[in-house]
1. Carbon-plus-sulfur fraction of the accessible area of the chain, 1.4 Å probe, in percent?
2. Compute the projected area of the convex hull of the Cα atoms of the stretch 10-50, averaged over all viewing directions, and report it in nm² to one decimal place.
3. Just to be sure I understand the model, the point goes 7 Å from the Cα along the line to the Cβ. What's the resulting VAL12 to HIS40 distance in nm?
4. Per residue, how many Å² of accessible area does the chain show with a 1.4 Å probe?
5. Kindly provide the Kirkwood hydrodynamic radius of the chain in Å, to one decimal, from all pairs of distinct alpha carbon atoms.
6. Out of the trypsin sites (Lys or Arg not before Pro) in the chain, which ones are loop residues according to DSSP with at most 16 other C-beta atoms within 10 Å?
7. Between LEU28, LEU19, LEU36, which gets the highest mean-square fluctuation from a Gaussian network model of the chain, Cα cutoff 10 Å?
Amino acid sequence: MCAEVCDATCRVLSEQNRLDESGIRVQLEWCRTVCLESAHAFDTQPGAEEAAKACRTCAQACTDFMDTLH
């Protein structure tokens, strides 16, 4: 789920330049939330450490992007 949401967010942000800052924030917050929830789910699965890490990396990227918005 995390990868699909990250991909969708990237597409929305790159293809739909009509989004205002509020719309961008909503998209990024949704992505961050799903990624963190996915990371927590992976935490319960043996051998899924890399997947959890990837989800957290995407969530952090969303946070970092939101920090650049005014």
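1. Result for the chain: 56 percent of the exposed heavy-atom area is carbon or sulfur.
2. The number I arrive at for the stretch 10-50 is 3.3 nm².
3. Rounded to a tenth, the inter-label distance reads 2.0 nm.
4. 68 Å²
5. 12.3 Å
6. Those satisfying the criteria are ARG18.
7. Per the Cα network of the chain with a 10 Å cutoff, LEU19 tops the list.
The values are calculated or read from the model by the stated rules, or taken from the named source; none is laboratory data. Note that the structure is a prediction, hence the values are computed from the model and not measured. For neighbour counting, all protein chains shown are included, and Cβ atoms are generated from backbone atoms with ideal geometry for every residue, glycine included. When the accessible area is computed, the model is the full protein with side chains, heavy atoms only, and any ligands, DNA or RNA have been set aside. Shrake-Rupley method; radii C 1.70, N 1.55, O 1.52, S 1.80 Å.
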